[in-house]
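Just below is one structure, and these are the notes that go with it.
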Amino acid sequence: MTTLRRALFALLIVLSSSGVLAQTLALTFDDGLNPLKEPAAPSWNRQILETLHDAGVTSMVFPALVRTGQAQGLDLIRDWARAGHGIGNHTSQHRSLGSPQVPLADFISDVKEADAVLSRIPGWTKMLRFPYLKEGDTLAKRDGMRLWMQAAGYRAAPVSIDASDWYYNQAYAAWLDEGNADKANRVKAAYIEHLLDRAAYYDGLARQVLGRSPKHVMLLHTSRINAAALGELITAFRVRGWSFIAANTAFDDPIYTVQIDTLPAGESVVWASAKAVQVPSLRYPAEDSVYEEPKLRALGLVPTRMLE
Ligand SMILES: [Zn+2]
């Protein structure tokens, strides 16, 4: 890091601790990577961890066994633990509790299967990140899961800022695969602006519904675009007045333990809190590719293979 950047970060830390800059943010990463399916996985994982280290950001990762596999992918997760990040549970099969095809008992067995493997990794935290942020399509599933978690000593690990990073990752990877680095870089720039926009949106909605800015938690994935963009992304947030806090500290905010009365259950906790008090014009799902595709299309950045 250059001396100038160090000085800038030091200034931002002073400003944020003095209360001039109010929004705080933790980064969390879902899914994990499997080197047996993606040869570049170790390199992307290393880039993400090095960037977090250089930026002084402590995160949490939520692996799903179907995404990591049982061998080298779990070694990559151990690297997160060695770097001081927390490890949570994102189930074994990455099925949605919001799907009518997934009974509660099957979902609980997915959680238990992942628990048996992940709880042996240092840094383990008994927290569940629901796949797709879906917490149940019926009252019986939603409340049945909440009761099971309480009895098992599990905490939910929701997010306040949800932002379809997976969609930008698909577009970014497709342009790189086509050898078009220019368009890939433009997708990356649009992605950073998109995250800033979504963060501002959820912070505004939180101030409207809760009357305050909570300790935000953002959902990201262990992906190629995040390996490439994370450093710029952290800088961009700091420049816009956000300061970073450790993920386990952010989860102390009561917004993450309140049981919100919505059905289907889940999404961002800010979105769900707004839905529960019937804030008008909330779209559902809160974030999805259907909202992002027209934006990238207008910029001429949707790769051909994603238009078919
Ligand atoms: Zn996931």
Within the stretch 68-94, which residues are surrounded by fewer than 20 Cβ atoms within 10 Å (Cβ to Cβ) and within 17 Å of Ala157 (Cβ to Cβ)?
Ala81, His94
Filter the stretch 103-117 down to residues that are away from the ligand (no atom under 14 Å from the Cβ) and either over 18 Å from Ala157 (Cβ atoms) or in contact with a strand residue (DSSP E or B) (Cβ under 7 Å, 6 or more places away or on another chain) (or both), then give me how many there are.
7
From the list Ser160, Ser99, Ser109, Ser119, which one is at pLDDT 95 or above, crowded, with 22+ Cβ neighbours inside 10 Å and hydroxyl-bearing (Ser, Thr, Tyr)?
Ser160
Which condition does Trp242 not pass, out of (1) over 14 Å from the mean Cα position of the chain (by Cα); (2) surrounded by 16 or more Cβ atoms within 10 Å (Cβ to Cβ); (3) within 21 Å of Glu135 (Cα to Cα), if it passes all the others?
(3)
Determine the pairs where a residue that is of a type in the set (Lys, Arg), located within the stretch 30-59, has a partner that is away from the ligand (no atom under 16 Å from the Cβ) with Cβ atoms under 8 Å apart, the partner being 6 or more residues away or on another chain.
Arg46/Asp79
Helices (runs of 4 or more DSSP H) (entirely within the stretch 245-303) containing at least 2 residues that are at pLDDT below 95 and more than 18 Å from Asp203 (Cβ to Cβ)
289-298
Which of the residues spanning the stretch 12-67 are at pLDDT below 95 and farther than 29 Å from Gly204 by Cα?
none
Restricting to the stretch 73-131, and then to whatever is assigned to a helix (DSSP H, G or I), free of Cβ contacts under 8 Å to residues at least 24 places away in the same chain and hydrophobic (A, V, I, L, M, F, W, C), can you tell me which residue is nearest to Ser223 (Cα to Cα)?
Ala116
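The values are calculated or read from the model by the stated rules, or taken from the named source; none is laboratory data. This structure is a prediction, so every number in the text was calculated from the model and none was measured. Please note: Cβ atoms are built from the backbone with ideal geometry, for glycine as well, and neighbour counts cover all protein chains shown.
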